[in-house]
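Presented below is the structure to which this report refers.
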Amino acid sequence: MVHLVFLTLVLLGAALAQTPYGVEGVARYRGFYPLGSWEGKNPTPRGQVVWDGERASGEVCLEQKAWDSGNRERDEKSWKILGYPDFPRACLYPQRAYAQGDRFVVEGELAMAGKRLPVRLEGRLEPTPEGFRFVGGFTTRFSDWGLERPRFLFLEVADRVEVFLEALLRRR
């Protein structure tokens with residue numbers, strides 16, 4: 001009987017580990033220039049991930065042309081720098097996701113502007129009735145991607161860009 005209970009728990013755990021989660025959310029970025037900063041927002045992150053408590057797989061993509069900073073000229077420059085329309089989407093490919101102290105870490109790769117680089121998001125993961133809510137982010141640099149840094153009013157923006165993601169993960 002103990003073996004049957006153990007086998008049932010193992011099979012149930014394996015089934016849950018393979019449960020996909022639909023992902024939808026909002027991405028934001030913050031860029032910096034000598035006199036301050038600005039933000040852009042993108043409501044299009046969508047995808048699916050599978051997570052077993054540490055290993056993760058799947059993809060979450062957003063449409064590059066959906067970035068909105070509230071300034072059309074700045075957004076059009078951003079699209080050009082990101083290589084739109086040749087590279088219409090940016091996609092996150094998670095490989096690991098785990099708790100580290102009170103933080104939740106997602107490690108994987110980000111594909112953007114024709115390159116694919118390692119990325120590490122840090123934030124919070126909170127349970128919800130449907131699955132989970134993730135709030136976190138990472139810092140990247142224009143130079144990491146080989147991208148031209150934009151200029152506004154003859155001021156070159158800083159190399160560093162902060163990226164934030166708020167996402168709901170719902171069991172499918």
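Descriptive notes on the structure:
- Taking Cα atoms only, the orientation of helix 72-81 departs from the longest principal axis of the chain by about 70 degrees.
- For K115, a cut-off of 18 angstrom between C-alpha atoms picks up these lysines, skipping any fewer than 8 places away in its own chain: K65, K80.
- Once the Cα atoms are used to define both axes, helix 2-17 deviates from the longest principal axis of the chain by about 20 degrees.
- Residues of the chain: accessible area per residue with a 1.4 Å probe, Å²: 60 Å²
- Taking amide H atoms as placed 1.01 Å from N in the peptide plane, the amide H of E109 lies under 5 Å from those of Y93, Q95, V119, each 5 or more residues away in sequence or on another chain.
- Summed over qualifying helices (DSSP H, 4 residues or more, each -39500 (n - 2.57)) and divided by its residue number, the chain shows a 222 nm mean residue ellipticity of -5000 deg cm²/dmol.
- Stretchable slack from F154 to R170, in nm (0.36 nm times residue separation minus alpha-carbon distance): 1.3 nm
- The chain - percent of accessible surface contributed by carbon and sulfur, probe 1.4 Å: 57 percent
- Other-chain or far-sequence residues with amide H under 5 Å of S69's (modelled H): K41, D75
- Remark: region 49-55, residue by residue, has Karplus-estimated 3J(HN,Hα) of 10, 10, 9, 10, x, 8, 6 Hz, where x stands for each Gly or Pro and the curve is 6.51 cos²θ - 1.76 cosθ + 1.60 at θ = phi - 60°.
- 5 angstrom amide H check on R89, placed H, neighbours 5+ away: Q64
- The string of couplings for region 135-147 from the Karplus curve (6.51, -1.76, 1.60, θ = phi - 60°) is 10, x, x, 7, 10, 9, 9, 3, 5, 4, 9, x, 9 Hz, one whole number per residue in order, with x for Gly and Pro.
- Here the 3J(HN,Hα) profile of region 110-120, calculated from phi with Karplus coefficients 6.51, -1.76 and 1.60 at θ = phi - 60°, is 10, 9, 7, 6, x, 10, 9, 10, x, 9, 9 Hz, Gly and Pro shown as x.
- Exposure of K115 as accessible area (Å², to 10), given a probe of 1.4 Å and all protein chains: 90 Å²
- Computing Rg and Dmax of the Cα atoms in Å directly from the structure and comparing it against [x] 17.0, 58; [y] 18.7, 75; [z] 19.9, 76 singles out [y].
- For region 80-123 versus region 42-68, the inter-centroid distance based on Cα atoms is 9 Å.
The values are calculated or read from the model by the stated rules, or taken from the named source; none is laboratory data. Everything numeric in this text was worked out from a predicted model, so none of it was measured. The protein model used for the area step is the full one, side chains on, heavy atoms only, and it has no ligands, DNA or RNA in it. Shrake-Rupley method; radii C 1.70, N 1.55, O 1.52, S 1.80 Å.
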